[in-house]
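The values are calculated or read from the model by the stated rules, or taken from the named source; none is laboratory data. Being a predicted model, the structure only gives us computed values, none of them experimental. Please note: Cβ atoms are built from the backbone with ideal geometry, for glycine as well, and neighbour counts cover all protein chains shown. Keep in mind that these areas ignore ligands, DNA and RNA; they rest on the heavy atoms of the full protein, side chains included. Shrake-Rupley method; radii C 1.70, N 1.55, O 1.52, S 1.80 Å.
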Amino acid sequence: GPLARHGAVAVIGLGRFGGSLASELAAHGVDVIGIDIDDAVVAQYSETLAFVSRADSTDEAVLRQLGIEEVSRVVIAIGSDLEASILTASKILKIGNGHIWAKAISQTHAEILDQLGIENVISPETDMGRRLAHLIRGHMSDFL
Ligand code: ATP
């Protein structure tokens, strides 16, 4: 499929979190495959990322068509649509072949992703709040 690239990272959901992650990786020379269901979002990232596709990531056939099984690092950056996040995570666990990160927007969401077997669950607001606390105390090194 179009995503069969060595060392590529797939970022599913190009909102504020996924978009910023994808852009930063691309700026550092990483081949990023962006997937989003929204046409306007896809258009916005078409210049920045190596490959962008407008697709519904809950659709297993679509993920297979894109060649997700050949991508060794996948980030699920869908947040507020809990159902889309969980369904996508389930499909990626089924057909993916490498490391998976998934963003959670609540403790319950994080628990479900963890129960599904996602190895890296990230909670950006919670984690950033903790980081900022250490930064404000002047002891960022405690945290890093
Ligand atoms: P952020 O805080 O990072 O902006 P968010 O947590 O509010 O985002 P969402 O708005 O739910 O997250 O989703 C982020 C992106 O994921 C959006 O651009 C949205 O279009 C995309 N997205 C949502 N559902 C799907 C899906 N089923 N397939 C592909 N992309 C999706």
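Determine by what factor the alpha-carbon radius of gyration of the range 40-108 differs from 2.2 N^0.38 Å, reporting the quotient.
Working it through for the range 40-108, the quotient is 1.12.
Measuring from label point to label point, each 7 Å out along Cα→Cβ, what is the Asp56 to Gln115 span in nm?
It is 2.5 nm.
Counting only protein heavy atoms and using a 1.4 Å probe, what share of the accessible area of the range 18-101 belongs to carbon plus sulfur, as a whole percent?
Here carbon and sulfur together make up 48 percent of the probe-accessible area.
In a shell of Cβ-Cβ distance under 15 Å around Ser20, excluding Ser20 itself, what net charge do Lys and Arg (+1) and Asp and Glu (-1) give?
-2
Which value in Å is the Kirkwood Rh of the chain over different Cα pairs?
It is 15.5 Å.
If you count only protein heavy atoms with a 1.4 Å probe, what accessible area per residue comes out for the chain, rounded to a whole Å²?
55
Roughly how much of Phe51 is accessible, in Å² to the nearest 10, using a 1.4 Å probe?
Approximately 50 Å² for this residue.
Of all GluC sites (Glu not before Pro) in the range 13-84, which ones are in loop regions per DSSP and have a Cβ with at most 13 other Cβ atoms within 10 Å?
In loop regions of the range 13-84 (DSSP not H, G, I, E or B), the sparsely surrounded GluC sites (Glu not before Pro) are Glu47.
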